[in-house]
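Have a look at the structure below before the remarks.
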Amino acid sequence: MPTTLIADTPVDLDAEGFLTDPAQWNEDLARAIAADNGIPELTDRHWLVVRFMRDRYLQTGSAPSIRSLGKESGVPVKELYELFPKGPAKLAARIGGIPKPRGCI
Amino acid sequence: MQTDTPLETIEKVAIVISKGSLEGVYPGLIMANGARMEGIEADLFFTFFGLEAIRRDRYAKIKVATVGNPGMHLPTWIGAIPGFSALATSMMKRQMEKIDIPPIPEFIELVGDSGVHLYACKASVDMFGLTMDDFVPQVEDIISVGEFYERAAGGEIIFT
């Protein structure tokens with residue numbers, strides 16, 4: 001597993017750029033990954049989604065579906081796609097330092 | 001974040017839903033939603049009995065086909081017993097809810113909110129004598145097959 005330096009933090013990434021160890025994550029890292037993925041600035045709404053994804057993953061061991069993200073995060077589906085046009089669940093997982101969501105929904 | 005060879009990606013899909021049974025409608029919805037989750041543009045084109053999935057008076061009542069469906073592993077006469085299709089449908093819906101797949105009306109709303117563009121096929125709409133008033137608000141327009149191909153240009157077309 002190659003170690004990459006992002007925002008002065010050494011991290012292990014999989015082939016698609018997801019952290020393999022959520023414990024290596026920090027907020028500066030999140031900002032750097034976001035900037036690298038077309039989101040120059042993380043707003044409070046972005047953070048709400050990123051934290052929800054991360055907390056849910058750390059609690060349950062799997063990332064939420066887009067359905068429960070839209071229902072439970074406090075950010076409706078339409079806005080999720082405005083915040084993360086290239087795929088909310090996938091991008092919020094990447095920024096939140098958790099593995100890529102595996103679900104089909 | 002770099003790999004040696006950049007991964008090939010799909011940028012755009014156009015998915016045709018042509019059947020009006022539960023198992024005929026879900027695959028197209030799942031593929032359209034899945035496309036948006038990957039940041040892929042997606043159109044849904046409802047044709048023939050696929051129109052059931054966007055008819056406001058019918059889309060909550062779509063059932064599993066229990067007759068003529070070898071995947072059910074049932075003798076035809078059992079599948080034809082009154083109420084059997086409704087029973088099989090409610091069992092399947094319960095299973096789907098368990099794995100977080102929404103019922104069709106909620107799913108149509110989800111794909112609409114996700115930025116999927118929904119269209120009804122003009123030939124089918126004319127054949128069934130329907131108008132835009134028959135459809136759920138997520139349906140943007142009634143378009144011809146030619147217009148469908150124009151919209152699909154440059155992407156992948158998936159027929160279900």
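What to note about this one:
- Other-chain or far-sequence residues with amide H under 5 Å of B:E156's (modelled H): B:K12, B:V13, B:A14
- Of the residues B:T66, B:T131, B:T47, the one that moves most in a GNM of chain B with alpha-carbon contacts below 10 Å is B:T131.
- In chain A, the sites counted are GluC sites (Glu not before Pro) in DSSP loop states with at most 16 other Cβ atoms within 10 Å, and the longest stretch holding none of them, exclusive of the sites, is A:42-105.
- Cα-based shape type of the protein assembly as shown, given that a ≥ b ≥ c are square roots of the gyration tensor eigenvalues and the cut on a/c is 1.5: prolate
- Counted residue by residue at 0.36 nm each, then reduced by the alpha carbon distance between them, the extension gain from A:Q59 to A:N26 reaches 10.1 nm.
- Prolate/oblate/rounded call for segment B:1-54, Cα gyration tensor, a/c under 1.5 rounded: prolate
- Each stretch of four or more DSSP H residues adds -39500 (n - 2.57); spread over every residue of chain B, this sum gives -11000 deg cm²/dmol at 222 nm.
- Rounded to the nearest whole Hz, the Karplus-based 3J(HN,Hα) values (6.51 cos²θ - 1.76 cosθ + 1.60, θ = phi - 60°) of segment B:6-22 follow the sequence x, 5, 6, 10, 9, 9, 7, 10, 10, 10, 9, 10, 10, 10, x, 8, 4, with x at glycine and proline.
- Between B:L74 and B:L130, the contour length at 0.36 nm per residue exceeds the Cα-Cα span by 16.7 nm.
- Extension reserve of the B:R58-B:I99 stretch, reckoned as 0.36 nm per residue once the Cα distance is removed: 12.4 nm
- Ranking of A:V77, B:V136 by count of other Cβ atoms within 10 Å, fewest first: B:V136, A:V77
- When the trypsin sites (Lys or Arg not before Pro) in segment A:45-97 are filtered for DSSP coil states and for at most 16 other beta-carbon atoms within 10 Å of their beta-carbon, the remaining sites are A:K86.
- Segment B:1-149: C-alpha gyration tensor shape, a/c 1.5 cut-off, then a/b vs b/c: oblate
- Of B:K61/B:K93; B:K12/B:K98; A:K86/B:K98; A:K71/B:K98, those spanning more than 18 Å from alpha-carbon to alpha-carbon: B:K12/B:K98; A:K86/B:K98
Computed from the coordinates by the stated procedures, all read-outs in this text should not be read as laboratory data. Predicted model, so just to flag it, every value in this text is computed and none were measured. All Cβ positions, even for glycine, are placed from backbone atoms using ideal geometry, and neighbour counts span all protein chains on display.
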